[in-house]
Amino acid sequence: MLSLIIRRSRSRFIIHGIKISCNSLSAVDSSSSVLVSRRTFSSTPALSYFGFNYGKISNLNQRFGNYAYSGSSFASSTRSLSSEAVAVAATCDGLTVERIIANQWPILDENEGDWKSHAAAIAQSIQVIKRRLQWKKLLVRLKVLSAELNKSDLWDDPTHAGKISREHGSLTGKMKGVMTFERELLEHIDMLKLAKEENDSELESETLKALIDMRRVSKEKELEALLSADNDPCSCYIEVQAGAGGTESNDWAAMVMEMYKTWAQRRKFSVTVVDEAPGEIAGIKRATIKVNGEYAYGYAKAEVGVHRLVRISPFDSGKRRHTSFAAVAVIPILGDGSTRVEINDSDLRIERFRSGGAGGQHANTTDSAVRIVHIPTGITATCQNERSQHSNKASAMAVLQSRLDQLEMARQTAMNAQHTQSLTEISWGNQIRTYVLHPYRMVKDLRTNYEVSDPDSVLEGDLDGFILSFLSSSLDKDDPEH
Amino acid sequence: MIRIFPSLRLTSLLSAAKPLCSSSPAKKPPQYTSLTESKSSRPTKSLSITPKTPLYLRTPSHATSLSEVWKWHDWAKDLASSVEESSKNSEDTLDSVILHRELKWLIEDSIVDDPLVILHRSEIADNGEKNVKLRASLEELYDLWRQRIEKRRPFQYVVGCEHWRDLVLCVEEGVLIPRPETELIVDMVEELVTRDEWFKKDIWADLGTGSGAIAIGIAKVLGSRGRVIATDLSPVAIAVAGHNVQRYSLEGMIEVREGSWFEPLKDLEGKLVGLVSNPPYIPSDDIPGLQAEVGRHEPKLALDGGIDGTDSLFHLCHGASRMLQPGGFFVFETNGEKQSKMIVDYMMTSDLKDCFSDLKIVSDFAGINRFVTGFRL
């Protein structure tokens, strides 16, 4: 452990010639110690601080247990310096992330906070990250995977072996990332206290700056941890389907689709319309867009469900208030590494989308849309926005492939059903959000109670508040200890 | 034998009266290269035709303020939306949904910047002062869109290209715009040559190639050893097909020959391994009632198949028996149900009855019996 400290510390540390002794402390199971008050999402759109507010600390008795995974007893290090400055650090047990939180140091603004404030903020982030990664489950899983990897007959089945070692690699990476971050925090604190003792103001301000940097990075890491599920990094399709109610609801479906298009563009995802069935008078009956970019699926999956609009319909001459619905489905486009459903050509029926007339040389049209039907499942896909039939067919095939992949995933992991529903399966009862334009103005998410009083900004694509609050709350829900 | 109306020939020649390309030798159509270097007679007149450059390949030399482009876009959208009301009592109408999509493509083809600056103006905090670079002047864009809607000029002629399979083919008046159905001919050939490498070894022919679509599609699925000869009677088609072949750098695989059906292939009797064609097959009586885009703008030479529409098809059947080597494959596009059956019946009963095997009728994606295929015995 000593070597660890010296290696990771600046040379200054050694020059100071302080005698260092260490205690090996386990990191603390953090997921049990914080209660998140979920109602505290602020309605400000500021992304980087999306409203986590740690109210109560429920577990003041820190547990200094051993870690669940074997062999890597994580060590935090403290010095056995007689230091009256900080009582907690004075002990050989040292300061841990958990203790920092237990200390309930006030978290002040980045600019005015002292080191404790920074440390507390970072420690909180670490706990958030661990919860989002489902830390305990992750460690158990890692143990299982390691055991699996050690089996001598593992490579008899290379596909399985590849899958196991990929997952092991990915989880190890996540685990190490958090551990390193945690260690860095504690080392900075060590360093800072040292600097204070030595009256080394240069070192002190340097370390303080390092803490502030960490505090900023920790917010990004929180966000990353929200999107740590398997398919989160994928691109995706977003589908919107109008509910019953004719033109008003078709218009609503078009508004919802527009909301996603602008949201995606703001996030620098590229958007292409794959399929669009326009309403008779206005709006759309149904549409599919392809959203290309890293983590498009991870974010967009939070939007799955039924969206409800209340307003005075511009299509009603009687100026009455209408309620309409639009269903949203999100389908990940799996990467090359994933196992995809194999489609037999003989299971497909390909049809010209708008047939009729003699066709061939008789007809000149730029419309070459096709519909592909997967006969065994009845799943269909259509594309009409490409300029050749060949490309329309290829795009429709890609949609069909993703739908079948999703069906298969849903079958395999019924647990995560809320993320893997396809449009046909969404029950119209599964309402997730209400948009009220009259008699008052508000958008409210029924799952998280997150609400915004400016519907226009939401309809213009300012959705991140809703998405992030849902993602974090759903991860809380998944955690058995919350 | 297909009937050639002298007047039609004249028209296509007139429309082809463009500056000689000798002034820009780099653009000379490459149709007379490679393969069998000299044999067939090659009329020199088509050398005088320079194919038009499609919009999307033109130099973006027209800087225009964004607000002016938005104004044009609004106007064009309104015009597209108004077509249905204005033509309600006719059967042959424009569809505003399709027109809006075409407008989007027209913008994609004419602007260098991201087309979203035009299509999604509401999200742009710009006041429109900024200049964008266009490949056509704004006046021309007004004119092109008016031609599309008022003159019913096919969209593909408006932008000078047709997206077909994974290709972008130059097209212009005088050349039939390849149809989506015809893509399936290439699919069938692809399936065949994937199944049986033998079909990659020898020469294929695409008769009445028009823009060169099928020939290029087949050359690409044949791979590097492929050889395709594309023929057409129309000098414009010859020039355009040659240009398209050159754009895909397939001069080494495709030879374009001018002449009627098998005439330019006299040196290849009994040697072809595959024969494909989308010949004119519309019965003459149907020509006056064609959709405006087709009837008013596309070359009748490529559409009119005689009284039954089968003149060229019957001619092709006989040619196939003469030109294909044993085991060789053919696929012809037809007018549909009645005609495809006529062709198959003809091949099974006439003096051709012992020439072919595995005669099949294949339908297109609309379920119409569009193609006749078979093998030379």
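Structure notes:
- Residue match in the range B:358-365 (condition: in the same structural domain as residue B:189 (by TED's automatic domain parsing), in contact with a His (Cβ under 9 Å, 6 or more places away or on another chain) and more than 30 Å from residue B:225 (Cα to Cα)): no
- Single match in A:143, A:116 (criterion: more than 21 Å from residue A:221 (Cβ to Cβ), assigned to a helix (DSSP H, G or I), in contact with a Phe, Trp or Tyr (Cβ under 7 Å, 6 or more places away or on another chain) and not small (Gly, Ala, Ser)): A:143
- Test result for residue B:279, in the same structural domain as residue B:207 (by TED's automatic domain parsing), closer than 28 Å to residue A:362 by Cβ and either in contact (Cβ under 8 Å) with a residue 60 or more places away in the chain or crowded, with 24+ Cβ neighbours inside 10 Å (or both): yes
- Options A:213, A:190; residue that is modelled with pLDDT of 90 or more and in a helix (DSSP H, G or I): A:213
- Restricting the search to strands (runs of 3 or more DSSP E) fully inside the range B:146-263 and requiring at least 3 residues that are within 12 Å of chain A (Cβ to nearest Cβ) and touching a helix residue (DSSP H, G or I) at 6+ places or on another chain (Cβ under 8 Å) gives B:161-164, B:167-170.
- Being among the aliphatic types (A, V, I, L, M) and modelled with pLDDT under 90 holds for only one residue in A:358, A:329, A:369, and it is A:358.
- Checking A:274, A:330 one by one, the residue that is more than 30 Å from residue A:159 (Cβ to Cβ) and of a type outside the set (Asp, Glu) is A:274 and no other.
- Pairs linking a residue in the range A:352-372 that is facing chain B (nearest Cβ under 8 Å) and buried (at least 22 other Cβ atoms within 10 Å of the Cβ) to a residue that is assigned to a loop (DSSP other than H, G, I, E, B) and among the aromatic types (Phe, Trp, Tyr), with Cβ atoms under 6 Å and 6 or more positions apart or on different chains, are A:370/A:353; A:370/B:365.
- Summed over the range B:115-143, residues that are over 18 Å from residue B:81 (Cβ atoms) and either modelled with pLDDT of 80 or more or more than 10 Å from chain A (Cβ to nearest Cβ) (or both) total 20.
- Among residues of the range B:362-377, those that are away from chain A (no Cβ under 14 Å) and under 17 Å from residue B:345 (Cβ atoms), counted: 2
- Set side by side, the residues B:293, B:298, B:258 differ, and just one is under 19 Å from residue B:181 (Cβ atoms), crowded, with 22+ Cβ neighbours inside 10 Å and either touching a Lys or Arg at 6+ places or on another chain (Cβ under 7 Å) or among the aliphatic types (A, V, I, L, M) (or both), which is B:293.
- If you go through the range B:271-312 and pick out every residue that is closer than 25 Å to residue B:358 by Cα and in contact with a Phe, Trp or Tyr (Cβ under 6 Å, 6 or more places away or on another chain), you end up with 5.
- When residues of the range B:223-255 are limited to those that are of a type in the set (D, E, K, R) and over 18 Å from residue B:171 (Cα atoms), the one surrounded by the most Cβ atoms within 10 Å (Cβ to Cβ): B:255
- For the range B:266-307, a residue qualifies if it is within 10 Å of chain A (Cβ to nearest Cβ) and outside any helix (DSSP H, G or I), and the qualifying residues are B:278, B:279, B:280, B:281, B:282, B:290, B:291, B:298, B:303, B:304, B:305.
- Residue among A:136, A:143, A:151 that is crowded, with 17+ Cβ neighbours inside 10 Å, modelled with pLDDT of 85 or more and farther than 23 Å from residue A:187 by Cα: A:136
- Some residue of the range A:160-169 being part of a helix (DSSP H, G or I) and under 30 Å from residue A:211 (Cα atoms): yes
- In the range B:325-367, the residues that are in a loop (DSSP other than H, G, I, E, B), hydrophobic (A, V, I, L, M, F, W, C) and either without any contact (Cβ under 8 Å) to a residue 40 or more places away in the chain or closer than 22 Å to residue B:205 by Cβ (or both): B:352, B:355
- Residues being crowded, with 19+ Cβ neighbours inside 10 Å and at negative phi are represented in the range A:276-284 by at least one member.
- Only one of the numbered conditions (1) surrounded by fewer than 24 Cβ atoms within 10 Å (Cβ to Cβ); (2) touching a Cys at 6+ places or on another chain (Cβ under 9 Å); (3) among the hydrophobic types (A, V, I, L, M, F, W, C) is violated by residue B:359, and that is (2).
- Any hit, the range B:231-247, residues being modelled with pLDDT under 95, within 28 Å of residue A:393 (Cα to Cα), more than 13 Å from the chain's Cα centre (by Cα) and among the polar types (S, T, N, Q): no
- Boolean, residue B:273 is under 15 Å from the mean Cα position of the chain (by Cα), in the same structural domain as residue B:372 (by TED's automatic domain parsing) and modelled with pLDDT of 95 or more: no
- Applying the condition of being closer than 19 Å to residue A:244 by Cβ and among the polar types (S, T, N, Q) to the range A:276-324 and asking which residue is farthest from the chain's Cα centre (by Cα) yields A:313.
- Of all residues in the range A:167-191, those that are in the same structural domain as residue A:149 (by TED's automatic domain parsing) have Cβ atoms under 6 Å from Cβ atoms of residues that are outside any helix (DSSP H, G or I) and modelled with pLDDT under 90, 6 or more apart or on another chain, in A:174/A:133; A:179/A:74; A:186/A:76.
- Residue A:387 within 13 Å of chain B (Cβ to nearest Cβ), buried (at least 20 other Cβ atoms within 10 Å of the Cβ) and among the basic types (Lys, Arg): yes
- Scoring residue A:262 on the criteria (1) touching an Asp or Glu at 6+ places or on another chain (Cβ under 8 Å); (2) surrounded by 17 or more Cβ atoms within 10 Å (Cβ to Cβ); (3) away from chain B (no Cβ under 13 Å) leaves a single failure, condition (3).
The values are calculated or read from the model by the stated rules, or taken from the named source; none is laboratory data. These numbers come from a predicted model, not from an experiment. Reconstructed Cβ throughout: ideal geometry from the backbone, glycine too, with neighbour counts over all protein chains shown.
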